[in-house]
Amino acid sequence: MHVLPLATAPWRFRDATQGSVWRDAIVPGCVHRDLRRHGLIPDPFWSSNEAQLQWIEERDWEYRASFTVHSDLLREEVVELVADGLDTVATVWLNGAEIGRTENMFLGQRWNVRSQLRRGKNELRVRFESAMHYIRRSRPEHHPREINDPVGRCVVIRKQQCQFGWDWGPRFVTAGIWRDIRLEAWSGNRLESVKVTQEHEEGARGRRPSSDRAGKMPALPETTRPGAAALPGNRVRLTLEPEFARSAKDVTLRWRLTLVNAANSQAAMGPRRPRRGTKAGIRAEGVAAPASAQAGEGREIVIENPQLWWPNGHGAQPLYRLEVEALAADGAKLGRWARRIGLRTIRLDRHKDEWGESFQFVVNGRPVFAKGANWIPAHTFVAGLGRADYARDLTAAAAAHLNMIRVWGGGIYESEEFYDLCDEHGLLVWQDFMFACTMYPADDALVDSVRHEAGFQVRRLRHRASLALWCGNNEIPGLNLKELADPATRRGYEEIFHRTLPEVVQTVGARTDYWPSSPWRGEFENAHAHGEQCGDTHYWDVWHARHPVKDYEKYVFRFVSEFGMQSFSSPETNAMFCPPHDDNVFGPEMENHQKNRFGNQIILDYVSRRYRFPQGQDALIYLSQLNQAYCMQVGVEHWRRNQPRCMGALYWQLNDCWPVASWSSIEFTGRWRALHHVARRFFAPAVVSAKVLGEETTIIGNYRRSSIHSLELCTVYDAPEPARGVLVWEVRHLDGRRLMAGRKPVALRYGESVKQHVLELRKVLQRHALESIYVRIALDVADGRRDRETPPYNKQLQRVSEDTVFLTEPRFLELPRGRTRARAALETPTRARLSFISDVFQHRFAFDLRGVSHRASDNYFELYPGDEKSVIVEFDRPQTAAGLKRRLSFRSLVDSY
C-alpha cells in the first residue's frame, strides 16, 4: 500500500461567506488557530474577547491544498482519500469534482478518488458550512431543555458539545481539518484492522471476587497478586480476527509479537510446534496456516509465561508490539497492522452482595479501587495537540497515584497519543461515548450516523491495554427524567443507548464492558439511596446544592464517578487573561473566566464557612484552593474507608481547557492546585484517615455547640505487597504542648480498610477548648520504597501518610505566628532540595518560586514545630541556589488573614 501524506501539503484557508483572500493554514488545525496566527483576531482567552469572536461560528470556511501525484500511486486499483476527522459539516472536492460530504466530527471518512486524481498537480478543497446554519435548518422539531448551550440545540449536530460552551469552558464553535488527512492506494484487498481478544489461563484468569463486612478483599493465589510480572506455567491465548476492505479467502497472516517496554526486551514468540487442541496450527516460523474460510476467521497465538499489564500502583505496564501482515494466495501483500497491546483481563464486576450489587473493576482477577478523575479536552482548540500536551497532565495524574481517567462525554474521543500515555502509565480509561446532558434526537439518520461513529471509534480503541469501559452518555437520564416520562422520547433514548451502542460494543469490541450512562443504577431515577445499592453516582449536593462538606459522609455509594468543588486559579494562570490590577473576582474579566452561573458565590460561601476573611486577592485564591482540597479529601477518604462496598472515586475534574476558575486539580498552565498535591496523599497506597465522631453545630444566637468526643483512626491499603507498620497519633495544644500520644502496630493487606483505633478525647476536651488543639495522625511502614522527601519515624520505619485533624473549623483556631527557616541546595543544575523548619505548627504550608517553572515532590503540607520538611524540586532550565532563594516565597493558613 502506498500512502501520500496530505497534512504536510501547503494548505490555505479563507472566509468562504465573505469571499476573503486565501491565507496559509496549518493542518491538523482549526479556523480559530489560523485566524489568530495571522493576527486577524485577538487572543481568544484574553479578557472578554470571547464575546467579540462569536461571528466566526456564523461563517462558512474553506480550506484548499495542492499536491503532486506520481504514476506509481495511480497504478493501484484503489486510491482513497482518508480523513480521520473533519469538523464538522464538510463538503470535499478534488480537482473540481465533489467526492464526499460528512456531518459527523467523530467519524473518519474514506472516499475512493482514483477516477478524480490525475498525474502531476491536484487540488483538494474542503468547505465547512457554519455549524449554526446547519443547526437552524436541521431537525426543527427537536427543542430539548438546554443544560449548557446558551444558544441552544447543539445536540442536533455530531460535534464536540463543549465547543458550544459549558460551565467550565468558553463558547468557540470552530471548524477545520482537525485530524490527519492522506491518500492511501492499494490493489486487490486491504487489511483494515485486526480484532485481538485474550484468554488468560490458570493463574492469570480473571475471577469473581467475594467480600465481607470487615472491609477485606479475598486473598487470591500468588499468581494473581498485583505486581506479578512473568507468570511461570501460565499462558495467554490471543485470537486474531483480521478485517478486510473486501471479502477475503486464502489469506495468510504473519505475525510478530515483541515485548517493547520491559527489562530484557525480546521477541516473545519464536519458532514453536502447533499445540494440541489449537486451531490448525501456527506454523513453526511464526506464520498462521492459510485461511480456508472468509475474512474474519480467528487465529491464535499462545504466549507462555506472560508479563501482565497492571494499573498504576499495582505493578508494571509491560506492552507488547503486535505486528500482523496479511498476504494473498499469490503472495501479494494486503497490508500490515501494528499496535501495542497489554496482556490483562479487565471487567466490570456486578454481582449480588449484602448491600445490593457490586460495581467494581477487576483487573487480572483482582478488584481494584478506582482512584481517578474526569478528563475534559486538553485545550479549547483540540486540533493539533501532540504527545507533550497530554503528557504533562497524564504524567501528573500518575504521580498523584491515580489509576483511572474518565473521558467525559461532552468532549472528544481522544488522540492516539492520549491513549498511548494511559497505556504507559497504567491509567485505566472509562470511555464515554460523546453524548452529554441534553436529550438527543433519535431519528433514523442520526442513529445510523451514531452507529457508524461508534463502530469507527470502538474499532480504533479496542486493542488498548488501558481501555476498561465503554459508557453510553453523561447524565442524560438524571437530567431529563420529566422528558423521559414520555414513551416516544424514552424509546428514542433507549434506541441509542440501550440497543445501538451496546450492540456495536459487543460485535466490534474486544470484550470490553458497556454501561449505558453515568450515572446509572438500572432505573430512571435519581435517589441517593439507590446509589448505595448499585451502579455509579454523581454526587453534587456538595457544591450545586451547597450542602455541608460533611454530607459526603452521609452516603456509601458503590462507585462515585463525579463529585467536585471549584477554586480560583493561581495569579500566574490568571495573568493569561487579565492584568494583575484587573483580577478582582467580581470584575468582568474574572467573571468571564467563571462559567458556572453561581460559581464565585459558591466558592466564597464554602470558604467563609471554613476560613477567616482573607487579607487580599492572593490570599483568597489560596484559601479557595485549600477548601477545594479539603472537600475532595473528605469525600475520597470516606469512600476509601468504606471499601469494598464503595470501589471507586473519580473527582471532577483533572484538567482545564483554558485559564478559568474551575473544579480542576491542574490549572491550564500546568500548575498544580492544592488539590493535586493533597490528592497525591489521599490516593496514596497506604493512608491513615480519621473520622470525627460527633459534630459541631450553630444554634440560636450564633453560638456553637459540639458533641465531638472521639476519632476513629483507620488505615486503607492497596499496595501490591503486604506490610507491617505503626499507627501514630498525638494531641497537641497550639502553643506546642503535647497533651496525649500513642502508637499501635498494624498489619496492612491489599484491599483492606481497617478501623484500627478509637481515640477517646473527652478528658482532653474537658481541660482544653476545641479551638486550642489539633490531632496529628501518621502511618509508618516497615517496608516499601523510601520517600526521599520524608524523614523516617525511626531507623526501621518510613512515614508514608500523615495529616492533621481539627475538631472545629480552622477559622476559630488561634493559630500561632512563628519563624520559618528555609534552605535551598542544588543537587544538579535542574534539581534542588528545599528544606523548611518552623518553631510553630503551620497548616497547609505552601511555597512558590516566582517566575520559575518547576515541579515539586510535595506542597501544601503540614509543617510541625521542630520537624524539618524537605522537598525535591525539578526545573526545566538550570538554576542557582542564590536565584532560588531570591524567588522563594511561602505562606501557611495563618498568613492568609
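The values are calculated or read from the model by the stated rules, or taken from the named source; none is laboratory data. These numbers come from a predicted model, not from an experiment. Note: ideal-geometry Cβ built from the backbone for every residue, glycine included; neighbour counts use all protein chains shown.
Of all residues being within 15 Å of the chain's Cα centre (by Cα) and not aliphatic (A, V, I, L, M) in the stretch 366-386, which is nearest to G29 (Cα to Cα)? Just the residue, please. I'd like the intermediate steps shown before the answer.
Taking the stretch 366-386 and keeping what is within 15 Å of the chain's Cα centre (by Cα), we get 370-379.
After this cut, where a residue has to be not aliphatic (A, V, I, L, M) as well, the list is 371-372, 374-375, 377, 379.
Working: K371: 34, G372: 30, N374: 25, W375: 21, P377: 15, H379: 12 Å.
Out of the qualifying residues, it is H379.
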*asked:* Quick check on the stretch 152-192: of everything there that is among the small types (G, A, S) and either part of a strand (DSSP E or B) or surrounded by fewer than 22 Cβ atoms within 10 Å (Cβ to Cβ) (or both), which residue is nearest to the chain's Cα centre (by Cα)?
replied: G169
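Out of curiosity, is T830 assigned by TED's automatic domain parsing to the domain that holds E696 and either of a type outside the set (V, I, T) or in contact (Cβ under 8 Å) with a residue 24 or more places away in the chain (or both)? Break it down stepwise before answering.
Details: assigned by TED's automatic domain parsing to the domain that holds E696: no; either of a type outside the set (V, I, T) or in contact (Cβ under 8 Å) with a residue 24 or more places away in the chain (or both): yes.
Answer is no for this residue.
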_Restricting to the stretch 764-784, give me the number of residues that are assigned to a loop (DSSP other than H, G, I, E, B) and among the acidic types (D, E)._
1
*Taking G818 as meeting all but one of (1) at pLDDT below 95; (2) more than 25 Å from L626 (Cα to Cα), write down the number of the exception.*
(2)
*Being crowded, with 17+ Cβ neighbours inside 10 Å and in contact with a strand residue (DSSP E or B) (Cβ under 6 Å, 6 or more places away or on another chain), is that true of even one residue in the stretch 134-141?*
no
*asked:* Here is a check on your reading of the model: is R817 surrounded by fewer than 18 Cβ atoms within 10 Å (Cβ to Cβ) and part of a loop (DSSP other than H, G, I, E, B)?
replied: yes
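Filtering the stretch 560-583 down to residues that are of a type outside the set (A, V, I, L, M), touching a helix residue (DSSP H, G or I) at 6+ places or on another chain (Cβ under 9 Å) and not in a loop (DSSP other than H, G, I, E, B), which residue is modelled with the highest pLDDT?
Per the criteria, the residue is S567.
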*asked:* For the stretch 446-498: of the residues being of a type in the set (S, T, N, Q) and in a helix (DSSP H, G or I), which is farthest from V363 (Cα to Cα)?
replied: T489
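Take the conditions in the same structural domain as L6 (by TED's automatic domain parsing) and either assigned to a loop (DSSP other than H, G, I, E, B) or hydrophobic (A, V, I, L, M, F, W, C) (or both) and apply them to R125. Does it pass? Before you say what the answer is, go through the steps one by one.
Numbers: in the same structural domain as L6 (by TED's automatic domain parsing): yes; either assigned to a loop (DSSP other than H, G, I, E, B) or hydrophobic (A, V, I, L, M, F, W, C) (or both): no.
No, not satisfied.
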*Which of (1) in a loop (DSSP other than H, G, I, E, B); (2) in contact with a strand residue (DSSP E or B) (Cβ under 7 Å, 6 or more places away or on another chain) is the odd one out, the single condition A378 does not satisfy?*
(2)
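Among what's in the stretch 413-425 and is under 10 Å from W375 (Cβ atoms) and among the hydrophobic types (A, V, I, L, M, F, W, C), pick the residue that is surrounded by the most Cβ atoms within 10 Å (Cβ to Cβ). First the steps, then the outcome.
Initially, the stretch 413-425 is screened for residues under 10 Å from W375 (Cβ atoms), giving 414, 418, 422.
Imposing the further condition that a residue be among the hydrophobic types (A, V, I, L, M, F, W, C) reduces the set to 418, 422.
Values: F418: 25, C422: 28.
My answer is C422.
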_Enumeration of residues in the stretch 789-802 that are among the β-branched types (V, I, T), at pLDDT 50 or above and over 28 Å from the mean Cα position of the chain (by Cα)_ = none
_Need the failing condition index for R786 against (1) at pLDDT 95 or above; (2) touching a strand residue (DSSP E or B) at 6+ places or on another chain (Cβ under 8 Å), just the number._
(1)
*If you check V716 against the conditions, is it outside the structural domain of E553 (by TED's automatic domain parsing), farther than 22 Å from R811 by Cα and within 34 Å of the chain's Cα centre (by Cα)?*
yes
*Give me the pairs: first residue in the stretch 370-386 and without any contact (Cβ under 8 Å) to a residue 60 or more places away in the chain, second residue of a type in the set (A, V, I, L, M, F, W, C), beta-carbon distance under 7 Å, and six or more apart or on different chains, which are they?*
L385/A378
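Being among the polar types (S, T, N, Q) and in a loop (DSSP other than H, G, I, E, B) is the filter; apply it to the stretch 297-312 and report the residue that is nearest to A396 (Cα to Cα). Give the steps one after another, and end with the answer.
So in the stretch 297-312, the residues among the polar types (S, T, N, Q) come out as 305, 307, 312.
Those still in the list that are in a loop (DSSP other than H, G, I, E, B) too: 305, 312.
Values: N305: 32, N312: 12 Å.
So, considering only residues that are among the polar types (S, T, N, Q) and in a loop (DSSP other than H, G, I, E, B), the one nearest to A396 (Cα to Cα) is N312.
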*asked:* Checking the condition buried (at least 18 other Cβ atoms within 10 Å of the Cβ), in contact with a strand residue (DSSP E or B) (Cβ under 6 Å, 6 or more places away or on another chain) and not in a loop (DSSP other than H, G, I, E, B), which residue from E50, E57 passes?
replied: E50
_Test for T500: is it touching a Leu at 6+ places or on another chain (Cβ under 6 Å), in contact (Cβ under 8 Å) with a residue 24 or more places away in the chain and not hydrophobic (A, V, I, L, M, F, W, C)_ = no
*Members of the stretch 318-359 found to be in a loop (DSSP other than H, G, I, E, B), without any contact (Cβ under 8 Å) to a residue 60 or more places away in the chain and within 21 Å of V194 (Cβ to Cβ), listed by number*: G331
*Restricting attention to the stretch 517-549, which residues are surrounded by 15 or more Cβ atoms within 10 Å (Cβ to Cβ) and of a type in the set (K, R)?*
R521
*Applying the selection to the stretch 69-121, what residues are farther than 29 Å from G19 by Cβ, within 34 Å of the chain's Cα centre (by Cα) and either of a type in the set (A, V, I, L, M) or in a strand (DSSP E or B) (or both)?*
V82, L107, R110
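Can S66 be described as in a loop (DSSP other than H, G, I, E, B) and of a type in the set (G, A, S)? Walk me through it before giving the result.
Values: in a loop (DSSP other than H, G, I, E, B): no; of a type in the set (G, A, S): yes.
Against the criterion (in a loop (DSSP other than H, G, I, E, B) and of a type in the set (G, A, S)), S66 does not qualify.
May I ask you to verify whether F598 is hydrophobic (A, V, I, L, M, F, W, C), free of Cβ contacts under 8 Å to residues at least 12 places away in the same chain, surrounded by fewer than 24 Cβ atoms within 10 Å (Cβ to Cβ) and farther than 28 Å from W355 by Cβ? Spell out the reasoning first.
Working: hydrophobic (A, V, I, L, M, F, W, C): yes; free of Cβ contacts under 8 Å to residues at least 12 places away in the same chain: yes; surrounded by fewer than 24 Cβ atoms within 10 Å (Cβ to Cβ): yes; farther than 28 Å from W355 by Cβ: yes.
So F598 fits the description; yes.
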*Members of the stretch 418-438 that are more than 10 Å from the chain's Cα centre (by Cα) and part of a loop (DSSP other than H, G, I, E, B)*: G426, F433, M434, F435, C437, T438
*V852 in contact with a helix residue (DSSP H, G or I) (Cβ under 6 Å, 6 or more places away or on another chain) and either part of a loop (DSSP other than H, G, I, E, B) or among the charged types (D, E, K, R) (or both)*: yes
_Failed criterion for D858 (all others in (1) touching a helix residue (DSSP H, G or I) at 6+ places or on another chain (Cβ under 8 Å); (2) closer than 23 Å to G616 by Cβ hold)_ = (2)
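Looking at the structure I just gave you, is G315 at pLDDT below 95, small (G, A, S) and in a loop (DSSP other than H, G, I, E, B)? Steps first, answer last, please.
Details: at pLDDT below 95: no; small (G, A, S): yes; in a loop (DSSP other than H, G, I, E, B): yes.
Spelling it out, it is not the case that G315 is at pLDDT below 95, small (G, A, S) and in a loop (DSSP other than H, G, I, E, B).
Within the stretch 657-707, which strands (runs of 3 or more DSSP E) (wholly inside it) include 2 or more residues that are assigned by TED's automatic domain parsing to the domain that holds A629, without any contact (Cβ under 8 Å) to a residue 12 or more places away in the chain and surrounded by fewer than 24 Cβ atoms within 10 Å (Cβ to Cβ)? Step through it out loud before you land on a result.
Details: elements: 686-693, 696-699, 703-706.
No strands (runs of 3 or more DSSP E) qualify here.
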